[in-house]
Amino acid sequence: MQRRTKFIGAAVVAAAMIGLTACSGGGSSSGSLTAKGPIKIWYSNNEQEVAWGKATVAAWNKDHPDEKVTGQEIPAGKTSEEVIGASITAGNSPCLVYNTAPSAVGQWVKQGGMVDLSKFSDGAKYIEARSGSQADQYKDADGEYYQFPWKSNPVMIFYNKDLFKKAGLDADNPKLSTYADFTATAKTLVDKGVAPNAILPAPTSEFFQMSFDFYPLYAAESGGTQLVKDGKSTFNDQAGYDAANFWRTLYADKLAGQEKYQGDAFADGKAAMAIVGPWAVSVYKDVNWGSVPVPTKNGTAADKTYTFSDAKNVGMFTACQNQGTAWDFLKFSTSTGNDQKFLETTGQMPMRTDLATTYADYFSKNPSYKLFGDQASRTVEVPSGPNTVAEMQAFRDAWSDSVIFGKGDVKTSLDDAATKIDQLAAEK
Amino acid sequence: MTTTTGGAETAPSTIAKRRGPRILGKHPLGLLFSAPYLVFVLVVFAYPLVYAVYIAFHDYFFTAPGAVVDRPFVGLANFVDAFTDPDVIRSFGNVGIFLIINVPLTVVLSIVLASGLNKVTHLKAFYRVAYYIPYLTASVAVVAVWLFLFNGSGLVNQILGPLAPSPSWLINSHWAMPSIALFVTWKQMGFYILLYLAALQNVPNELYEAASTDGAGAIRKFFSVTVPGVRPATVLVLLVSTVTGANLFTEPYLLTNGGGPNGASTSPVLLMYQKGIEQGHPDEASAIGVVLVVLVLVIALLQNRFAGGKD
């Protein structure tokens, strides 16, 4: 009996040792920046992007039979970021992913999963020619481009014109530009009983929810300041306190709900306003909506207002063997012509300096998108680095506590969050 | 001499013959049959557990296969980082609250309901299936139903009227965890009832007859015959409900949308997911996991010691 126990014990230890020996990594990326050949790409799974992805791949393959591109939707998972992160660890990432969240890129770089696009001879030049100074927000701490700034979904306030009219408000020129006006309008909407919530951003604990309540307003109030700059939190300033206190008032006065609505509150008339990107134009076809920039304390002209970008970028992965083809395809897919097709198919904004003028025809034919197109040049991105998600979660926890549920003092809460985030930003 | 020599030569070979099979046990064929499961346990449970302990003591993060990174031994640094974080301490407190509510409730309700179901003669299959369906249904679907029941304007609050808590159940820091415990108790109940029903078939009817002869009523028979009779099943229910409860993830992830409100329903496993997968710190997540495993083992040993008796 003892012998058998020892035998089984030895087997367990041997299995463990084999596993632990296998832990230590070695070698390097086998891909080459100049290698050409077939590649695989992933794109988002929404209907419009799938259509654009298929058409773009087909157009490329027609002229490049020796460098065939195979496209597919990002495999299903809890989030795209988890799927991509797992594929990096497994070594089976595709060459390109057309849907990388800027908040996750820092981690993937740390994992050794991303190709530095600046290493291509025309890498930085092409990116900066297309996106201009907006591209700066997508450099890492060393000034390298591990992500290709691709498209943004600048967020704005959508309001339900019918509900505004029902509440006796001016639906064509709603008073929503200052915090005071916005709060008064919100109060009228709720007091008149036209909707149970004036606005209802998800009041939940996930790290990314800050991008749809605090961050757009902080970007606007601060004139385009990122959450963390040069390794230091910025939001524990007057602009941050003002934006947070504005939201706290909305929650405290029951103008914004503390509970997540199971469904689409704006479409169902449970909220008279929503913070959304240009994707909303096609989604809210059945709602008589209007759009305005996010409010600031004293009101800011629309053409001066900043907001959160809600960008998604393109990443090239080190598992890619034919990185030369991948770079060529990336340039092909983000050319002026293909960006136009992307804009027309999806309504999302290619991150180009010349967006409004290059696609002037599109915006004149589709005036609903014009404000978004204009807003796209003034967007703020999440901070870069390997701890972005942890930083955003730290902020969200503080926000949830002091703003949504009104516990303690907003200033102290943001100051404490800033201290924690500074520590995270200092970690490698 | 010859005899002696011969005897000396044959003796070791006999021992060798006896020893040979013993290395693989008395029934080597049994080992062969159990080998697939043994391999499964080694690969799916033992290896990840050992690997998690390794990760917990190193500066570790997931990397691409080709990446060369240094993973130095860091001693208890990951444990210190994890357990100086108030959110981690709170998550253990939260799961403690969950277990205190869920485990006793599970044991009491499932043994009572199983005893009742065991006596049902009409619609027996219907009742058994009715209790088992929530267990079989995907958590995501059931969670959606509970969200509608327990939200601010849900059915439960409409029935309670002014007695409904404010804020509502799932966004109330006092009620979020008890609500989850109640949900999990209800969802898992069918499985535990099934265990008890199986155990009840082994309680001899003669014992109930003898108790009746001695004048015992239904309650007396329940406590003096049924409860001791299903003691092995009770130990199993205690252990399984504790282990699955300590691994709580889906409910705080979906029912309270990421452990809200304010982390009042965050469980250690949800934090492990956030830190290990979302935030890229599997080393800290493993440290939390190792402590969780140790705590669960201690609780399980205590349960076995005090509830198991001589079984």
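The values are calculated or read from the model by the stated rules, or taken from the named source; none is laboratory data. Worth saying up front: this structure is predicted, and the values here are computed from it rather than measured. Cβ placement follows ideal geometry from the backbone for every residue including glycine, while neighbour counts extend to all protein chains displayed. Accessible surface is based on the protein model in full, side chains and every heavy atom, while ligands, DNA and RNA are left aside. Shrake-Rupley method; radii C 1.70, N 1.55, O 1.52, S 1.80 Å.
Centre-to-centre separation between the Cα atoms of the stretch A:295-321 and those of the stretch B:22-56: 51 Å. Enumerate lysine pairs in chain B that are 8 or more residues apart or on different chains, then count those whose Cα atoms are under 29 Å apart. Lysine pairs meeting the criterion: 10. Of the whole protein surface, A:Ser32 contributes about 40 Å² of accessible area at a 1.4 Å probe radius. Rolling a 1.4 Å probe across the protein heavy atoms gives the stretch B:82-307 an accessible surface of 47 Å² per residue.
Computed in the context of the full set of protein chains, the accessible area of the protein assembly as shown at 1.4 Å probe radius has 60% of its extent on carbon or sulfur. Note that the stretch A:334-340 has calculated 3J(HN,Hα) couplings of 10, 6, 4, x, 6, 5, 5 Hz, one per residue in order, obtained from phi through the Karplus relation 6.51 cos²θ - 1.76 cosθ + 1.60 (θ = phi - 60°); glycine and proline are x. In terms of its C-alpha gyration tensor, chain B comes out oblate, because a/c is 1.5 or above while a/b does not outweigh b/c. Buried accessible surface for the A/B chain pair comes to about 3700 Å², total over both chains, computed with a 1.4 Å probe.
Just checking the listed ones, B:Ala300, B:Ala287, B:Ala176: in the Gaussian network model of chain B with Cα springs under 10 Å, the one fluctuating most is B:Ala300.
For each pair in A:Lys40/A:Lys331; A:Lys139/A:Lys229; A:Lys165/A:Lys192; A:Lys232/A:Lys304, compute the distance between the two Cα atoms and list the pairs where it is over 20 Å. Long pairs (Cα-Cα over 20 Å): A:Lys232/A:Lys304. Considered as an equivalent ellipsoid built on the Cα gyration tensor, the stretch B:231-281 has semi-axes of 27, 13, 7 Å, the largest given first.
If you build a Gaussian network model of chain A, linking Cα atoms that sit under 10 Å apart, which residue out of A:Asp122, A:Asp401, A:Asp142 swings the most? Comparing A:Asp122, A:Asp401, A:Asp142 in the GNM, the peak value goes to A:Asp142. In plain terms, the bigger the Kirkwood radius, the slower the diffusion; for the stretch A:167-234, with that radius from Cα pairs, at 10 °C and 1.306 mPa s, Stokes-Einstein puts D at 112 µm²/s.
Across the protein assembly as shown, the convex hull enclosing all Cα atoms gives 233 Å³ per residue. If both residues of a DSSP beta bridge must be in the protein assembly as shown, then about 60% of such bridges are antiparallel. Near the amide H of A:Ser233, within less than 5 Å, lie the amide hydrogens of A:Asp422, all on another chain or at least 5 residues away, with H placed in the peptide plane. The packing ranking, built from the mean of other Cβ atoms within 10 Å per residue, places the peptides A:230-237, A:412-419 in the order A:412-419, A:230-237, highest first.
Would you compute, from DSSP H runs of 4+ residues alone, the mean residue ellipticity of the protein assembly as shown at 222 nm, taking -39500 (n - 2.57) per run and dividing by the full residue count, rounded to the nearest 500?
Calculated from helices alone, the mean residue ellipticity at 222 nm is -16500 deg cm²/dmol.
Distance from the alpha carbon centroid of the stretch B:239-311 to that of the stretch A:125-194 works out to 39 angstrom. Of the residues B:Arg220, B:Arg128, the one with the largest accessible area comes first in the ranking B:Arg220, B:Arg128, computed with a 1.4 Å probe on protein heavy atoms. For the stretch B:203-305, the spread of Cα coordinates along the three principal axes comes to 66, 27, 17 Å, biggest extent given first. Distances between placed amide hydrogens fall under 5 Å for A:Asn99 paired with A:Asn313, A:Gly315, all partners being 5 or more residues away or on another chain. Solvent-accessible area of B:His174, all protein chains in place: 150 Å² (probe radius 1.4 Å, heavy atoms, ligands and nucleic acids excluded). The gain in end-to-end length when the B:Thr137 to B:Ile89 segment is fully stretched comes to 14.1 nm, 0.36 nm per residue minus the alpha carbon separation. Of all DSSP beta bridges confined to chain A, the antiparallel ones make up roughly 55%. Once the Kirkwood radius over Cα pairs is known for chain A, the Stokes-Einstein relation at 37 °C and 0.692 mPa s delivers a diffusion coefficient of 142 µm²/s.
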